Amino acid sequence: LALIGVAGKALLDRPPQDQPKVAVPSVVDLPVDTAEAKIRAAGLVPQPTDVASAKEVGLVVDQDPGATEMVARGSKVALSVSTGPDTVDLPDLNGFTQDEAATRLAALNLKVGTIKEVDDTGLDKGKVSTTTPAAGESVPVDSAIGLNVSSGKVTVPDVVGKTRNEAADMLGELGLSVKTTYVDSTEPENSVLKQSIKAKTKVDDGSTITLTIAQPPPPVQTPTTAPTTATSTATATTPPPTGTTTTTP
């Protein structure tokens, strides 16, 4: 009885053999509404089914029977309709604001998960530094993505003993500004002797650190002795008295 029932149902579902055959229209890559309308216009019955696909949501990605096949009028045509990909590659959101990151994720059918503040990013406060999972990883659609957001705080490194250029590069990479002042020292020239904010202190991004830099002391002046001037004693000679001549008139 069961076999008879199944066979009877199959006969009822099968279009009458004497009906004229029609060509199945091509509907792949069409929006599902347009595809269904074309199928019906050909005297056929569309049967859409959702499938994951890299193609745009709502497009027909496959059909069965295929285009131009001849089938009896009233036959069913299976349509595979894209629901979008089941996984997506997570984009790099470094430097995005939280709102910008949320918009970018929503466009990929992802959502914002836990938001965590982190230090030492070199970014302005509120900007996204990294994500969890990391950028480039493949994640399921509708996943919640964690955002690691800059706190705007920077941990000051220890730059004492480094050269001026090395210290400036280290501080600059962290988003800190540098001022310098020079003092005479016997330490290597251009080495950092002191820093105005101690190492491991947390400061706001963009803070200024003053570095005290060694410069060679001026050369020591050696006192010189003035040369001795020889003294000569001169003996004065008194000339003899001039004679007087008397003339008698």
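Of the strands (runs of 3 or more DSSP E) lying entirely inside the stretch 45-104, the ones with 2 or more residues being open to solvent by less than 90 Å² (accessible area, probe 1.4 Å) and farther than 30 Å from P133 by Cβ are found at 45-51, 60-64, 70-72, 76-82.
The set of residues from the stretch 110-131 being touching an Asp or Glu at 6+ places or on another chain (Cβ under 8 Å) and either of a type in the set (G, A, S) or open to solvent by 80 Å² or more (accessible area, probe 1.4 Å) (or both) comprises K111, G122, D124, K125.
Residues checked against (1) at pLDDT below 95; (2) more than 15 Å from the chain's Cα centre (by Cα):
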site: A101; (1), (2): no, no
site: L110; (1), (2): yes, yes
site: T121; (1), (2): yes, no
site: K125; (1), (2): yes, no
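Cβ-Cβ contacts under 6 Å between residues 6 or more apart (or on different chains), taken from a first residue in the stretch 129-140 that is closer than 17 Å to E100 by Cα to a second residue that is of a type in the set (A, V, I, L, M, F, W, C) and part of a loop (DSSP other than H, G, I, E, B), are listed as S129/L123; T131/L93; A135/L90. State whether one or more residues within the stretch 25-44 are part of a strand (DSSP E or B), over 22 Å from L108 (Cα atoms) and open to solvent by 30 Å² or more (accessible area, probe 1.4 Å). No, the conditions are met nowhere in the stretch 25-44.
The values are calculated or read from the model by the stated rules, or taken from the named source; none is laboratory data. Note that the structure is a prediction, hence the values are computed from the model and not measured. Neighbour counts are summed over all protein chains in view; Cβ atoms, including those assigned to glycine, are modelled from backbone coordinates with ideal geometry. These accessible areas exclude ligands, DNA and RNA; they are computed on the full protein's heavy atoms, side chains included. Shrake-Rupley method; radii C 1.70, N 1.55, O 1.52, S 1.80 Å.
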